[in-house]
Structures are given as structure tokens and as C-alpha cells.
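J.: The structure that follows is given in the form of C-alpha cells.
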Amino acid sequence: MTALGRASGVRVGGWGDAGRAMRGPPPPLPSGPPPLHLFTCPTVQPDMLNVHLLPHTHDDVGWVKTVDQYYYGVQNELHHGAVKNILDSVISALRAEPSRRFVYVEMAFFSRWWHQQTNATQQAVRELVRQGRLEFANGGWVMNDEAATHYGAIVDQMTLGLRFLQDTFGDDGRPRVAWHIDPFGHSREQASLFAQMGFDGIFLGRMDYQDRELRKKKREMELVWRASASLQPPTADLFTGLLSNAYDPPKHLCWDLVCDHDSSMVGDPFSPEDNADVLIDHFLDVATKQWQSYRTNHIVMTMGGDFHYENAHMWFSNLDKLIQLVNAEQQASGSPVHVLYSTPACYLWELNKANLTWSLKEDDFFPYADGPHQFWTGYFSSRPALKRYERVSYNFLQVCKQLEALAAPAANVGPYGSGDSALLEEAMAVLQHHDAITGTSRQLVADDYARRLAAGWGRCEVLLSNALARLSGSQEAFSICPELNISVCPLSQTSARFQVAIYNPLARKVDRMVRLPVSAGAFLVKDPSGHAVPSDDSLPSSSFPELLFSASVPALGFSIYSVSRVSLRRSKTHIPQPISQKPGSAVLNIKNEHIRATFNLETGFLMQIEDLEQKLVLPMNQSFFWYKAGTVGQKISQSSGAYIFKPQQQKPLPVSDSAQIHLLKTPLVQEVHQNFSAWCAQVVRLYRGQRHLELEWTVGPIPVGDKWGKEVISRFDMPLDTKGYFYTDSNGREILKRRKKRESRVGERNYRPTWNLNQTEPVAGNYYPVNTRIYITDGKKQLTVLTDRSQGGSSLQDGSLELMVHRRLLLDDNRGVGEPLLEEGSGSWVRGRHLVLLDAVGTAAAGHRLLAEKEVLAPQVVLAPSGSALYHPGATRQLQFSGLRRELPPSVHLLTLARWGPQTLLLRLEHQFARGEDSGRNLSSPVTLNLQNLFSTFTITRLQETTLAANQPRASASRLQWNPDTGTTPTPTVPPLDPASITLQPMEIRTFVASVQWEEFAWSHGGDPVQA
Ligand SMILES: [Zn+2]
């Protein structure tokens, strides 16, 4: 081992960009003193290489063990981890020695620990935070995943964690740095959201191995990420630091009790075991090598790992000694290395002071590979049932929070008891963790995540009943039917008369088909005005007939429909008719006013879609295939698992060459039922008035009796010249253009925007996360597929588009979970929907943006038997209600309406179109709203605008400024806030804390309520 600097005895000067070409003139120096919190940063040596040691622990909120098992240190034989002991130990070690510092991240654990402490300990911790010795980084409830998450849920979970910190420590505890050191690839939208939350920068641990090597060579491990194509720079610019060694300590320098192989630092010259010289030489060697990849005279070393610091004294006493010996050595022999305890914010501040220009990145960090053939693209689709449950729970949580805001405080305490949104909010936050929504936990942990969601639903159901009773004026025995997707609903199946309340969480009226299983007979459905509405009462399902009717629900409100059986005799039953297969050109159609879908009678497959208004015709072939995954006993270096997608062959096998089909046509719906195999079926459906084609697929349990793991896709093949491009959303918000080949090299099927890829996996290496949509276009026509949960997707050939719907695997992929993704239980059988839109390119965004919004925040159907009591004597029954006095324009999405305090609400308004995206209806233009007298149940008395996570006022928020090599853009000034005139730019989200006064009988003042 050599210590380069030390041996030379030469102090190094001229740091930074000296000797390297600068692009453009040097940027202006940042002016003024450092932000207040940085006054606590440690002293650095301006003419030396400063090595910032960052003691940290990475505490997964569930993975091999459940959240509670990790917190309390139960079942350590499964995986050693005890967060309670870690925090106890760290706090005592920090108090023992003032120079020590520590970084903590996951508020799901910290807040729990905090509430178990004595006043004296809490006071001591406050002091550590005030002095900068305990620094919070990220500060979300969890360190969320970035590939399978929806932006709304990310914003919610960050808000929850940051709020705890703000309430507990004030500005001293506010994290300045985002810390996403473990998520398996990084989305651009996540960076945009962090920038809008006010973070000064982010540190990342994982990136493609080829990208990493190249960046190290080019010294581009630190950069400015421009994370939005719509928001005005530098609004979504985020300084990004890529850590040298993921989040681990250097080799041989791991001093945790779980690091069995590394020796403690002895540092006793009289001991025959003294190893200090060797370890310090090694440390200096590592530091000097690492420095070659970075640009300032500062580098960081992450001193910690998964569940480290349970015995914090062990780590810290070794680091104390390392610091003492290296710095003494430096003084004695002229080594240029200075080592210090530091924090991410203090390191970032030194980078900022260096005042360099940084390279600019505008794409994302997907897909992630940690070596050849090792693409982490399987987790985009792993555990599809859990992914759907999470998405439905996001929907229900927003309904719950809105009703808590609209009907408060009658929502929390009422005739049905006490309810609130807090438990579901916390459960949803936990689900965003990078081993939860990803499907990369053990089965027992996945079951625990589902249990948490279910408990949260329970509290929200009470709230929903209280709120509906209050707003409708009548006490019904409200109930929801969570299994409506499989046509199960005990109340409607057994009642001759019942009510259907439909709550719409969007800020615009929606029309929706409601489909319920009922008992036999003929039914009459009446709308809130008492008028009969068109209905089909004899759709067959597996065991019960189904009732179908079209409902219309006002903005942020409900409509209550009544259903009654008018005859015991069954009306004419529509039975799906078997269609016999015919060779040749025989075809079959289903159609409504807008769309015609044509099927090939020889194969039973969908073969064409037509948009009848726009006169667009697109031939296609849609069917199901599976990729062959590894099997037990096979000698392979890498197998598919919960994280990794590694097909054995690049060509997928068809589930079947043909599908048996049945046809169903009623006045309200037309369906083709396709049966591909015993474990794969699909219903292709067109409801009356619907502008998209609905493909409801059912897959599972995937058979593995042939000893092959299977990864099942739905694939659409079309004669579209897509020139190697396709498009996927980033966390459900902005769209990223993906490219599977370089234009200049025909046949080259692989591409990355910032480096020349050496592709080892032509399929898995071209998979990207799809959270809500994927599309392809030939410049004229666009085919968009919306998903109902996150899935992996790609376009591997021009005109082709595929989504992975389910996977079942026999091997573990060796990334720590230690269990094959077999899903023996309820997750084995999955039903979902793909919504297919065919549009002209200029009008496509209006179609997919508005439809995705309706799917993510779908109406909540609530049932009640008829014949209830009044909410209180003298109450008036209301069968229709709107929380808004006027609808919001289509480009505006009401992202958040929630209780914030006893007299305050949290309100987020979002422009849901990207710049230039919609040319047809001008939906990409800025839009101005008047918030005065907007809501019907409360009046806004005061409005304060905040940053995205609501933990600092927007007017006083400031971020460190960075200079990208394309030129510096000044931070725009914040205009004065006028509630009567709130302007939203494309893709802008504005967050407000509103002081409000609830009105006693809201409905008597506004709207046009319909009385029973
Ligand atoms: Zn982790």
C-alpha cells in the first residue's frame, strides 16, 4: 500500500478546476454569509484534501424483516437490525464527544423512537440538532423508491416526515440535502420534486456501472440535474452528487459489529497488534484515488451501512482514532490529507463555495445495472397485486383527506365513532419505501405492508361514514366493497333496495359507469333528482348477475343513486355468446359512438382500433407472451428475481396462438371475452360514451410445474414507424422520451443519452418504469396505454409496445432478499386494466392526461341499505353535494386538500400539462384561478404559500445556487400572493396552508343541492 500524498511530502495547491478547461467565463461568486445552519459546520483546510467522514445508518423500513421487527431487533437471526438500539447508542456516543457527527434519514423510525424518550433525552437531542452534530438528511417518512412510485404519494410521504421534523426541531431540523443512497435507479421527477421542496442537493448511491466508470474518468460524479422540461430553470435544477462507493465505507474500514472481517484500529505503538500504520496508509491511498474522480479539494466517505451503529461506540472510537492519527501524521510528515467528521449539508456547502461550473444532466438514471446482464428492471413489475393495492389506497387516502377537510370536525367524530386519515397516511408513507412498493421484500414483510394499509382503510371508512352522514344529512350504514373488481359486494348481492353514494375526488364533474353484482330480478336505478337512468340489470358474472348504470357526480362531491328491484323476474339476460373460430378473413367488431375495435376470428386476437370521429385506423395485434426465467439446478450467473429481470432467451413465448372468444353486447356495454389459457384471460370492453378501449386482463396463478419461472407481458404490435423512440411517464407526471437505438446506426438497438452503451441485455436493458402511461407515435398517430399500477415496459421493435403484468420466479437473484418471488398466496392471481387511446398526436395529451387523472383519483363507490335515520332532528337529506362552488379548468389538478391544523388546511394545485404538450385545446397555457369563495363548506381567511412539502414559507425559502455549464439562470422572484389570482405555469405545483372557517350548514349557502 502506498500513500501518494504522504510519500511525496508535498502540500498540494491549486485545487478545483485548475488545469482543466472551463467552459465560458467564470460564474459570479456566491454572495453573502453562509446560511445560518452552516455556521455549525466543521473547520476545513483550504489547501488540503479534506475527507468528510459521514457516519450514517441505512435503516430499511421493512425488507427481510417487518418494520416492527427491525425497530425492536426481533428475529435478528433473519437479518441483524435493531433501530431502537441504534438510536439509543448513537445519541449517547454523540453526547460523549462533541466533534462527532451523525446523519439520520428515516422518520418512520426516528419519530417512533422520539416519542419513547424522556424529556431530558429529548432536550439533549434538540441540542445536538441545534449544534449540527445530529443532522437529518432527506427527512421523508421513508427513503422512497423512484421507479414504482406515483408523484402524489412521494409528495405525501415527504410531507409527513418533514412535518414531524419541523414540528419537533423547527428550522434547526430541516434537512437541506436529499439522501437517496439505496433506491435502484433514479427518476427525473423525483429530482424535480426535491428541488421544489427546497433541497440544496441530493446524494445518490446507485447508478449504472458503465455510467459510473465513465463519470469517474471524466470527473462528472457531481453535476447539476435539470429535472423538468417545463418548469423555468432553476426551479427544478438539483445539484446531484454520486457517491464513490455506494453508501458503504471503504474496504477494510468497516467498524460495525456486523463487519466481521475488518480489524479495529489499534493505534498503540507498544502493542504487537498495532495496525495503525497499515490502516492509515490504506486510508490515504483510498482517499487519494477517490479524489481523482472528483473536482474540489473535498471528498466524502460514507462510514456506515445497513442497520449499522447498533454499537455506535465501536464505529466512533475507531473513527476518532483514524481522525487523530491521520491529522497528526499530516502535521508530522506533510501529508496533504485532512480528515474530519462532517455531514452531507456541510460537504455540499464546501462544493458550493468552490464556485465551479458543473455538467448538466437532463435525462434520468434508469435502468440501473450493477454489472453486465444485471439489470434491476424486474422490480418495476414485481408483486403486481401489492402495487395495485397501494395505488387504490392512494386514491382512497385522498378521498379520506378531502372529506376530513370538507366536513371537519364532524368527519373525525360522529355517529360511527372516531376516524381519521392519519393511520392510512402513515401506512401509505411506509409503502413508498424502496423495498415495499418495489416488491423486493420477503413475503412475510409484503403481507405486513398489506396489513398496515388495511388497518388504515378501517379508520378512513369510519371517517367517510361520518363525513357522508354529515354532508348528506342522513345516517346510513355506509359500506364500501373492496372486492368490486372481482364482482363481490355482499350488500348489493342480497338487497332488493339500496343506495349507491359515489364520491368524486376531482375538481370537475365526472361521468362513470357503476357496475355492481346484484340478486336476480329487474332493477330500477334513480338519480338524485328521482329520474330513472338507463341501466343494464342482467350482465352475467361468475355467480351473480351484474347491474350497470351511468352515474354523474359533481366536482369534489357526491351523488346518491337509489337502486330497487322492481320485479323478481329476470329481465332478458345478456349471455356472452361463444364465437366459433373461422379461418381466413372473418372478423368481429365491438363499437360505441367513438371507437370500433375489430377482432380476428381465426386467432381471437384484437386486430384493429379505429377512432370514428378523427377517422384514425390502426391495425394491431395484441396478445400475451412470457419470458423464460431461470430454473432450479440450472447453471446461470444471474437469474431473474424480485429485483432483476434476466430472461433466458430474448424472444418471449406466446401464452397461446389463439384465444377462445365470447361476445357480449348490451345497450350500455360491448365486450369480447378472450380466453388465452387456463391462467390468462382478458375482456376487451367499450362502455357507451367511453373514448378509450379497456383491456381487463386476468393472469395467474402462473404455473411453474414445468420448472420455469415466467415473466408475463401484454404486447401490442402495430405498423407504426416509430424510429426507435417510445415514451414513458416519470412517476406519473412528466414524460421522458426513450430511445432504443441510435439514429445514425440502423439496427443498433440500444441507447443511453449520455454515454455509448455496451448492451448486454437487449430486452431487460431496454425496460423502463411505467407508472401511469407509455406511448409510441409515428408523428401522426399516437397509441397510448394507461396502466392502473406501476409496471415495467418497453418498445423493443418499431411499432411494438409491451408491459410486464406479472412474474413468478423460482430463484432468488442474490441481492439480499434471499427468497424467490413465488407469491403462493393471494398475490398469485392478478386482475388489472390497460386503457388504450388512439389519437392524433396534437390532441393525444388532452386524452391521456385527463384520463390518467380520472383513473388515479377514481370515484369512490359507497353502498348503504335504504331507510335510515336523519343525521339530527331537522336535518335535510341531500342526495347531491359539491365541495366546490365552481369547477376548476381541465388543466388544473387538485393534488391535495387535507386537514393541516385545527383551523388550517393544506391545499395543492397543479397544472397537469407540460409545456407545449397540447396543441388542440390550448391546455398547455398558463392558467389563473380565483380561490376566493371557491369551496362550499369553508371560507379561506388567510393564505400562505409554502414550498412543495409545506415545511417552509415560499417567500423566505432560498436554495444554494449552482452554475451549470450551459450558463447560470437567476432564481425568479416570488410574486406577491393574491388569492383572487393564482397563476399556474405548465407542470407547476403550488402549495398553500390556508386558514379557514367552516360553515355550519355549508349546503344551505351554495351550489344547487338536490333534496330528497
Ligand atoms: Zn435500502
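J.: Exceeding 32 Å between C-alpha atoms, which entries from my cross-link table qualify? They are 216/387; 635/723; 387/737; 646/723; 707/737; 526/781.
T.: On the way: 216/387 36 Å; 635/723 37 Å; 387/737 24 Å; 646/723 26 Å; 707/737 38 Å; 526/781 40 Å.
In this structure, 216/387; 635/723; 707/737; 526/781 lie more than 32 Å apart at Cα.
J.: Sorted by accessible area with a 1.4 angstrom probe, largest first, how do 428, 314 fall?
T.: On the way: 428 10, 314 55 Å².
So, going from the largest accessible area down, we get 314, 428.
J.: Moving on. Angle check, please: helix 276-291 long axis (alpha carbons) against the longest principal axis of the chain (alpha carbons), in degrees 0 to 90, nearest 10.
T.: Approximately 60 degrees, to the nearest ten.
J.: For the range 137-237, with every protein chain kept in place, what is the accessible area per residue (1.4 Å probe, Å²)?
T.: Numbers: 2010 Å² over 101 residues.
Ligands and nucleic acids excluded, the result is 20 Å² per residue.
J.: So what is the relative contact order of the range 496-561, in percent, for Cα pairs below 8 Å that sit 6 or more residues apart? Write out the running numbers ahead of the final one.
T.: On the way: 131 pairs, mean separation 31.5, N = 66.
So the answer I get is 48 percent.
J.: Quick check: the distance between the Cα centres of the range 561-628 and the range 280-298, to the nearest angstrom?
T.: 65
J.: Give me the net charge of residue 104's neighbourhood, meaning all other residues with Cβ under 9 Å from the Cβ of residue 104; Lys, Arg count +1, Asp, Glu -1. Each step should come with its number before you reach the end.
T.: Numbers: positive: none; negative: 59, 106, 135.
Net of charged neighbours comes to -3.
J.: With axes computed from alpha carbons, what is the tilt in degrees of helix 83-96 against the longest principal axis of the chain, rounded to the nearest 10 within 0 to 90?
T.: Roughly 30 degrees between the two axes.
J.: Hey, another quick one. Given 4 °C and 1.567 mPa s, compute D for the range 117-249 with the Stokes-Einstein relation, Rh being the Kirkwood radius over Cα pairs; round to the nearest whole µm²/s. Write down the numbers at each step before the final one.
T.: On the way: Rh = 16.0 Å.
Diffusion coefficient, whole number: 81 µm²/s.
J.: Another question about this same structure. With a 1.4 Å probe and all protein chains in place, put 57, 928, 973 in order of accessible area, largest first. Please list the in-between numbers first.
T.: Numbers: 57 0, 928 80, 973 125 Å².
The ranking, largest first, comes out as 973, 928, 57.
J.: Same structure, new question: List, largest first, the extents of the alpha carbons of the chain along their principal axes, each in whole Å.
T.: Reported extents, whole Å, longest axis first: 99, 69, 57.
J.: Could I ask something else about it? If the rule is a partner Cβ under 4.7 Å, which cysteines in the chain fail it?
T.: 680
J.: While we're looking at this one, here's another question. Starting from the Cα-Cα distance between residue 45 and residue 277, subtract it from 0.36 nm times their residue separation and give me the gain in nm to one decimal. Can you show the working numbers first?
T.: Numbers: separation 232, 0.36 × 232 = 83.52 nm, distance 2.29 nm.
Taking residue 45 through residue 277 to full extension adds about 81.2 nm, to one decimal.
J.: Follow-up. Compute the Cα gyration tensor for the range 75-174, then decide on rounded, prolate or oblate, letting a ≥ b ≥ c be the square roots of its eigenvalues: rounded whenever a/c is under 1.5, prolate when a/b is larger than b/c in the other cases, and oblate in all that remain. Walk me through the intermediate numbers first.
T.: Details: a/c = 2.00, a/b = 1.31, b/c = 1.53.
Here the range 75-174 falls in the oblate category.
J.: Shifting gears a bit: How much of the accessible area of the chain, probe 1.4 Å, is carbon plus sulfur, in whole percent? Can you show the working numbers first?
T.: On the way: 18500 of 35660 Å².
Taking all protein chains in place, the chain shows 52 percent carbon and sulfur surface.
J.: Tell me the per residue accessible area of the range 450-583 using a 1.4 Å probe; a whole number in Å² is fine.
T.: Working: 5220 Å² over 134 residues.
Per-residue accessible area for the range 450-583 comes out at 39 Å².
J.: Let me ask you something else. Could you tell me the relative contact order of the chain? Use alpha-carbon pairs under 8 Å, at least six residues apart, and round to a whole percent. Mind dumping the intermediate values first?
T.: On the way: 2455 pairs, mean separation 139.7, N = 1012.
The normalised contact order for the chain reaches 14 percent.
J.: Using only the alpha-carbon atoms, what does the range 766-831 span along each of its principal axes? Please give whole angstrom values in decreasing order.
T.: Largest first, the range 766-831 extends 47, 25, 16 Å along its Cα principal axes.
The values are calculated or read from the model by the stated rules, or taken from the named source; none is laboratory data. Because the structure is predicted, anything quoted here is derived from the model rather than measured. Counting neighbours? That spans all protein chains shown, and the Cβs are built from the backbone with ideal geometry, glycine included. Only protein heavy atoms, including side chains, enter the accessible area calculation; ligands, DNA and RNA are left aside. Shrake-Rupley method; radii C 1.70, N 1.55, O 1.52, S 1.80 Å.
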